[in-house]
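Working notes, structure below.
The values are calculated or read from the model by the stated rules, or taken from the named source; none is laboratory data. Owing to the predicted nature of the structure, the values given are computational and were not obtained by experimental measurement. Ideal geometry is used to build each Cβ from the backbone, glycine not excepted, and the neighbour counts take in all protein chains shown. All accessible areas refer to the heavy atoms of the entire protein, side chains included, with ligands and DNA or RNA removed. Shrake-Rupley method; radii C 1.70, N 1.55, O 1.52, S 1.80 Å.
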Amino acid sequence: MTTQKRNGIERKRGGEWDLSHLFPSVEEAEESLKRSARKVEIFNTRYKGRLGTLEPHQFRRAVEEYEKILESLGRVHTYAFLLFATDSSKGGILNRFEQEITKIETQLLWFELEFIRLPEKRRSKFIEESGKYKYLLLQWVEEAPYRLGEKEEQILTKKELTSFSAFTRLFDEEMGRFRVDWDGKEIGEEELLSHLYSPDRETRKRAQILMTLELEKRLPLLTYLYNRVVEDWKLTNCDIRGFESPEAPRHLSNRVSQKSVDKLVEVVNKNTDIVEEYYNLKRELLGYSHLLDYDRYAPLESREERVPFEEAKEVVLNTFQNFSPTFHQIAQRAFDDNWIDVYPRSGKRGGAFSCSTTPGVHPYVLLNYTHTRRDIFTLAHELGHAIHQYLSQQAGYLNQNTPLTTAETASIFAEMLLFQQMKKELSREELIPLYASKLEDIFATLFRQIVFTNFERRVFSHIGELTADQLNQIWEEENRKMFGNSVILTSNYRSWWSYIPHFYHTPFYCYAYSYAELLVLTLYQLYREGYPRFEELYLSLLKEGGSRPPQLQFESFGLNLEDPNFWERGIKFLREMVEEFRELVRKEKGK
Ligand SMILES: [Zn+2]
């Protein structure tokens, strides 16, 4: 690690990101906020209450100004967020900035509302001549029927704190108090669940029992809370806002149709034998007569190899080079120009992410690199996001971000590229755990999330309150369908629906993970089949960001998201992977 002087301040370089690309100091960010507040005043004087009198080209200029203001605010927010991400003592700054930003943004809320209430003819004229903002404005119009008047929206926002948010907060607090004794040490939920990955079966079993005991203690409360969440969601979205179904608001924000979600769910449900087959092979490898629910995550590798970051970097760069020079170039810049914060340190948050910024500034990647093979995949994944975010900046600030359903288009793809690359380099003994962890990752996103969705669909279609036993029953049945005869679900597993945060926080959110995963597997399958001009089409898709609906974006590959055959392609690819795994296991056994 080298040290470099800049503006008289000692800065540690190498492995840490450089936030001066956003702002040289907190004070400068603060100044920028003040400038934005003044710009909003000018903007409002100029346009508020007058949209109906503008010419289309004047309206378009108004949208451009609106975008510029939001872009400046976004830049400050990103800066404060990233500052806090690597130094938790900066929470005060983030909080202060967020409050100021919200205050300024609230003064701009009228813009969207006034636009959607314009006479339809004028509105259409504006949309027609809005150039790159067309799809954004169409989205506003699409959401319009579900928006209430200003007064009602205010009432709902205020009451939300004592209804839906109150229930989810109680859930968080209750689970936050979760503590069990583990060999004389108090541990929380996350650490307890990490013991399910232990190579020792007794350890895994003990973790499962302790988890179950804790959940069952809380089951009356969690059942009550979940019933309230479901009821409140239905009341707000269906009865008050008028959505056709409780899942419809999600499809609207994910920019996908009910039909394409239904096709996805149908195809995934139809192909659960892939999961069953895999776990039967895993049972064989572990040498067990039965695989129980607490054996699902049992590791298959005997020892973990340490991979230095320099080596990971090289593998990932080589992988990208073989796919696309553009991918390689952007990734190389990420390493050279300090876009990445590599190692864990005190005060830095856990996990990994890539954060898109504003046009003209590169994305920032946070890692917590601990030298495992899994970390190389995380590096590829996050760099995939960064490449996507970097390219989509060309679409402009309001268009650059994608909905969740297409947000993984480059990240999961990058992981698949890396997987194929590593396959060529590893020995058979190393390949088995590599395949296992990749397949288990895919199952967790693809199949498990659809089990969640099946569970939610049954819960939400039930009239009246559900008892804990009814919820346990639905959970058990839906999980059984996925595992078939491969994994025996013990009676302890019945209550394990009750700790899934998404059920309480964001109903019907989970299918989007599955949607994203299968979309990319399908895309990857096209690439393997040598689809003509793949790289070029793929890069232009990434550059579009969220400026067109996913349905239209994928048409350029001749794909239709509402066609079951579309989804089957990704499944076909997955089947082949399990087939290759079976072959590896067969050779290993025959040795
Ligand atoms: Zn991701």
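Odds and ends about this structure:
- Residues satisfying the stated conditions in region 571-591, i.e. touching a residue at least 40 places away in the same chain (Cβ under 8 Å) and either among the β-branched types (Val, Ile, Thr) or part of a loop (DSSP other than H, G, I, E, B) (or both): 571, 578, 585
- Residues of region 333-349 that are open to solvent by less than 50 Å² (accessible area, probe 1.4 Å) and either in a loop (DSSP other than H, G, I, E, B) or within 16 Å of the ligand (Cβ to nearest atom) (or both): 334, 338, 339, 340, 342, 347, 348.
- Any hit, region 140-156, residues being buried (at least 18 other Cβ atoms within 10 Å of the Cβ), in contact (Cβ under 8 Å) with a residue 40 or more places away in the chain and in a helix (DSSP H, G or I): no
- Positions within region 234-276 being assigned to a helix (DSSP H, G or I) and basic (Lys, Arg), in sequence order: 234, 250, 259, 263, 270
- Extreme residue, surrounded by the fewest Cβ atoms within 10 Å (Cβ to Cβ), among residues of region 390-412 that are closer than 17 Å to residue 535 by Cα and within 11 Å of the ligand (Cβ to nearest atom): 411
- Among the residues of region 73-89, those that are open to solvent by less than 30 Å² (accessible area, probe 1.4 Å) and either within 19 Å of residue 32 (Cα to Cα) or not in a helix (DSSP H, G or I) (or both) comprise 73, 74, 76, 78, 79, 80, 82, 83.
- Given (1) within 14 Å of the ligand (Cβ to nearest atom); (2) touching a residue at least 12 places away in the same chain (Cβ under 8 Å), index of the condition residue 444 fails: (2)
- Residue 220 being touching a Pro at 6+ places or on another chain (Cβ under 6 Å), open to solvent by 90 Å² or more (accessible area, probe 1.4 Å) and more than 30 Å from residue 552 (Cα to Cα): no
- Lone unmet requirement of (1) within 20 Å of the chain's Cα centre (by Cα); (2) part of a helix (DSSP H, G or I); (3) modelled with pLDDT of 90 or more for residue 568: (1)
- Any chance residue 422 is within 15 Å of the ligand (Cβ to nearest atom), open to solvent by less than 20 Å² (accessible area, probe 1.4 Å) and touching a residue at least 24 places away in the same chain (Cβ under 8 Å): no
- Pairing each residue of region 459-475 that is at negative phi with any residue that is charged (D, E, K, R) and modelled with pLDDT of 95 or more, provided the two are 6+ apart or on different chains, yields C-beta distances under 6 Å for 472/494; 474/458.
- Any hit, region 518-536, residues being crowded, with 16+ Cβ neighbours inside 10 Å and of a type in the set (D, E, K, R): no
- Apart from one condition, residue 102 fits all of (1) under 25 Å from residue 393 (Cβ atoms); (2) open to solvent by 60 Å² or more (accessible area, probe 1.4 Å); (3) over 29 Å from the mean Cα position of the chain (by Cα); (4) without any contact (Cβ under 8 Å) to a residue 24 or more places away in the chain; the exception is (3).
- Residue match in region 302-318 (condition: part of a loop (DSSP other than H, G, I, E, B), buried (at least 17 other Cβ atoms within 10 Å of the Cβ), away from the ligand (no atom under 16 Å from the Cβ) and not hydroxyl-bearing (Ser, Thr, Tyr)): yes
- Considered as a group, the residues in region 448-488 that are of a type in the set (Gly, Ala, Ser) and farther than 20 Å from residue 232 by Cβ include one that is most open to solvent (accessible area, probe 1.4 Å), and that residue is 484.
- Restricted to region 354-388, and to residues there that are open to solvent by 30 Å² or more (accessible area, probe 1.4 Å) and in contact with a Leu (Cβ under 9 Å, 6 or more places away or on another chain), the residue that is nearest to the ligand (Cβ to nearest atom) is 381.
- Out of 96, 123, sole residue that is without any contact (Cβ under 8 Å) to a residue 24 or more places away in the chain and open to solvent by 90 Å² or more (accessible area, probe 1.4 Å): 96
- Complete set of residues in region 157-181 that are open to solvent by 40 Å² or more (accessible area, probe 1.4 Å), farther than 27 Å from residue 194 by Cβ, in a helix (DSSP H, G or I) and not hydrophobic (A, V, I, L, M, F, W, C): 157, 158, 159, 160
- Some residue of region 323-345 being at pLDDT 95 or above and in contact with a Pro (Cβ under 9 Å, 6 or more places away or on another chain): yes
- Test: residue in region 59-72 that is closer than 23 Å to residue 400 by Cα, in contact with a strand residue (DSSP E or B) (Cβ under 7 Å, 6 or more places away or on another chain), modelled with pLDDT of 95 or more and assigned to a helix (DSSP H, G or I): no
- Pairs, first without any contact (Cβ under 8 Å) to a residue 24 or more places away in the chain in region 232-257, second of a type in the set (Val, Ile, Thr), C-beta under 9 Å, six or more apart: 251/261
- Filter result for residue 570 (out of contact with any Lys or Arg (no Cβ under 6 Å at 6 or more places or on another chain), of a type outside the set (Val, Ile, Thr) and more than 21 Å from residue 443 (Cβ to Cβ)): no
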